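Contents: one structure, followed by commentary.
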Amino acid sequence: MKPKMRTIALSVIASTMALSLAACGSDNKGETAGESSNKNNSGSKSNVTLELAISKSSQDSPFIADWLLKEFETETGIKINLQLIPAEQSTTVLQTKLAVNEVPDLIQYNLASAVTDLNLERNFEILDNEPWVDRILNADVLSAYGNIYSFHVSQDTGMQGVVYNKDIFEELNLEIPTSYEEFLAVCEAIKASGVTPVFMPYKDAWAANIWPAAAFADYAAKNDPTLFDDINANKKNWTDIPELEGILDQQYQIFKLGYTNADVLSDSYDMAVGKFLNKEVAMMFMGDWLIQNIESQDPEMNLGLFAIPYGEDPTIGASPLGGQLFIPKNSKHIAEAKQYLAFIASPEIAQKIVDEERYVSNLSDVTTPEQPAYKQEIIDNYITPKKVTLTMDAHTVVDQNEWYRNLQDHFTGSITPKEVLENWDVKFKDLMKAKGVEGF
């Protein structure tokens with residue numbers, strides 16, 4: 001791994017550990033930088049309309065909530081128009097917009113992915129001098145290459161594993177599986193009860209990566225700690241590790257054994273909340289953000305998250321903090337885009353978002369609320385005992401869309417797990433060479 005990327009990865013681990021320390025804000029009185037900024041903003045109204053690009057799979061983002069957009073417009077006169085991009089096309093569309101200089105004013109994206117996919121240094125504003133920066137508790141989760149490039153009111157990282165309905169498990173007297181064999185037995189019991197054991201929404205190709213991203217990382221941490229460094233230095237190929245092939249086959253076999261929805265390549269992520277609410281499915285390979293989305297619709301839902309059970313006693317996957325806001329350098333309205341970030345960062349607005357989303361606050365004057373039961377369980381079962389591993393995504397320094405497409409092709413039955421890795425090896429080397437990485 002290149003030194004710069006290693007810094008990002010270590011920063012994410014630090015932020016993950018911060019989950020176990022409820023970051024409580026201070027009771028500072030008086031005018032903060034954010035408040036001052038908003039007062040200045042409200043002094044004169046603007047008729048600017050900002051364009052904010054966001055994936056359709058992120059329409060539940062608190063940064064585009066109706067109440068927030070309306071309050072911002074009321075205070076500043078600035079409207080925000082949403083550019084909703086299909087999830088499977090988001091990277092390609094944004095790359096094209098940046099290349100032809102048809103950029104939106106704000107982009108919601110993932111920091112680690114922005115480094116690999118969107119040429120972060122070249123295309124985005126450095127935010128080091130914004131008025132809210134002095135109030136940030138954990139700048140690492142917003143930073144790359146020694147600068148702050150993104151904004152978020154939370155310092156949570158996403159935990160990835162198996163989202164499951166705890167009530168169904170209790171009704172069937174099932175325990176959390178800690179091996180692949182135990183997982184298949186759980187699936188069989190759930191299927192016999194008339195419920196679909198696992199929902200696979202692999203029309204959205206990225207969703208097929210949850211299982212391997214966490215399992216590959218856990219395998220590497222336990223058996224080959226320099227694996228990703230060696231692959232990124234062209235000292236090893238993805239095909240050199242037969243265990244990775246086996247991990248891919250495991251996920252495919254869950255589908256072939258009839259433990260999933262039949263139309264895995266037609267069903268999409270945006271169907272997941274309804275599937276859980278209607279108790280049509282019991283489990284899904286996904287991040288804990290799905291639990292939050294479901295419980296926001298029905299607080300009575302009793303959900304949890306356990307580690308991807310590809311092998312014995314797995315660790316849970318930690319992904320980089322997602323959903324940050326970025327400002328492209330070529331935005332036509334940089335000042336107004338920065339106003340929006342300052343508005344969200346103001347103590348009153350940020351506190352409302354943190355309370356509603358139950359985030360771990362990343363602002364010194366915004367208090368972290370009591371954490372929901374599912375998150376406290378993750379802290380107790382995985383974070384506190386240090387059973388957390390950064391997913392493959394944190395180590396892969398190139399665009400992974402071709403990897404996702406190969407995972408989709410695997411579920412058509414047209415290619416084998418070995419061919420998935422062979423195809424990715426070829427594309428990976430091409431991307432690394434194009435990126436100018438030493439060794440390629």
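Here is how the numbers come out for the structure above:
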{"item": "Max mean-square fluctuation residue, GNM over the chain, Cα-Cα springs under 10 Å, options GLY274, GLY161, GLY311", "result": "GLY274"}
{"item": "Solvent-accessible area, 1.4 Å probe, carbon plus sulfur percent, for segment 48-174", "result": "41 percent"}
{"item": "On Cα atoms only, tilt of 347-357 relative to the major axis of the chain in degrees", "result": "20 degrees"}
{"item": "Long-range HN-HN contacts of PHE124 with modeled amide H, under 5 Å", "result": "LYS329"}
{"item": "Folded to 0 to 90 degrees: helix 33-42 orientation relative to the chain principal axis, Cα", "result": "60 degrees"}
{"item": "Alpha-carbon spread of segment 86-190, three principal axes, descending order, Å", "result": "54, 35, 21"}
{"item": "Residue-count net charge about ALA207 - beta-carbon cut-off 12 Å; Lys, Arg +1, Asp, Glu -1", "result": "-3"}
{"item": "Kirkwood Rh in Å, taken over all unlike Cα pairs in segment 319-400", "result": "15.7 Å"}
{"item": "Spin-label model distance (nm) - LYS235 vs ASN223, 7 Å beyond Cα toward Cβ", "result": "1.9 nm"}
{"item": "Karplus 3J(HN,Hα) series, Hz, for segment 301-308 with 6.51 cos²θ - 1.76 cosθ + 1.60 (x for Gly, Pro)", "result": "4, 10, 10, x, 9, 10, 5, 4"}
{"item": "Residues of segment 165-191 with amide N under 13 Å of the 7 Å Cα→Cβ point at ASN302", "result": "165-174"}
{"item": "Nearest-0.05 FRET efficiency for GLN376 and ASP66, computed from C-beta distance (R0 41 Å)", "result": "0.85"}
{"item": "Sparse-neighbour loop sites [GluC sites (Glu not before Pro); segment 166-216; at most 15 other C-beta within 10 Å; DSSP]", "result": "GLU175"}
{"item": "Segment 115-128 - phi-based ³J(HN,Hα) in whole Hz, Karplus 6.51/-1.76/1.60, Gly and Pro as x", "result": "4, 7, 9, 10, 6, 3, 4, 6, 9, 10, 5, 7, 10, 4"}
{"item": "Loop GluC sites (Glu not before Pro), segment 44-120 (other Cβ atoms within 10 Å of the site Cβ: 16 or fewer; DSSP)", "result": "GLU102"}
{"item": "Segment ASN147-LEU257, length gained on full extension (0.36 nm per residue, minus Cα span)", "result": "34.8 nm"}
{"item": "Semi-axes of the equivalent ellipsoid for the chain, Cα gyration tensor, largest first, Å", "result": "35, 26, 20"}
{"item": "Cut-off under 5 Å, modelled amide H: who pairs with ASP204 long-range", "result": "TYR269"}
{"item": "Distance cut-off 17 Å, percentage of C-alpha pairs in segment 257-373 lying past it", "result": "70 percent"}
{"item": "Inter-part distance where segment 258-300 and segment 380-440 are each reduced to a Cα centre, Å", "result": "24 Å"}
{"item": "Gain in span if fully extended, GLN95 to LYS279, counting 0.36 nm per residue against the direct Cα distance", "result": "62.4 nm"}
{"item": "Largest-first principal axis extents of the Cα set of segment 167-301 (Å)", "result": "49, 28, 26"}
{"item": "Segment 291-440: radius of gyration and largest Cα-Cα distance (Dmax), Å", "result": "20.5, 54"}
{"item": "R0 of 30 Å, Cβ-Cβ distance ASN47-VAL133: FRET efficiency to nearest 0.05", "result": "0.60"}
{"item": "Antiparallel bridge percentage (DSSP; both residues within the chain; nearest 5)", "result": "60 percent"}
{"item": "Residues whose placed amide H lies under 5 Å from that of LEU303, excluding near-sequence neighbours", "result": "LYS166"}
{"item": "Karplus-derived 3J(HN,Hα), 6.51/-1.76/1.60, for each residue of segment 240-254, Hz, glycine and proline x", "result": "6, 10, x, 4, 5, 4, x, 5, 5, 5, 4, 4, 5, 5, 4"}
{"item": "Contour excess over end-to-end distance, with Cα ends at LEU265 and THR74 and 0.36 nm allotted per residue", "result": "64.5 nm"}
{"item": "Net +/- balance of residues flanking VAL420 in space, Cβ distance below 13 Å, scoring K and R +1, D and E -1", "result": "-4"}
{"item": "Cα→Cβ-extended label distance, 7 Å offset, between GLU121 and LEU172, nm", "result": "5.0 nm"}
{"item": "Accessible surface ranking that places the most exposed of HIS333, HIS410 first, with a 1.4 angstrom probe", "result": "HIS333, HIS410"}
{"item": "Per residue solvent-accessible surface (Å²) - the chain, probe of 1.4 Å", "result": "41 Å²"}
{"item": "Greater than 24 Å apart at Cα, pairs in LYS56/LYS256; LYS203/LYS256; LYS235/LYS433; LYS97/LYS332; LYS279/LYS375; LYS166/LYS275", "result": "LYS56/LYS256"}
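The values are calculated or read from the model by the stated rules, or taken from the named source; none is laboratory data. Because the structure is predicted, anything quoted here is derived from the model rather than measured. As a convention, Cβ positions derive from the backbone with ideal geometry for all residues, glycine included, and neighbour counts pool all protein chains shown. The area values use the complete protein model at the heavy-atom level, side chains included, leaving out ligands, DNA and RNA. Shrake-Rupley method; radii C 1.70, N 1.55, O 1.52, S 1.80 Å.
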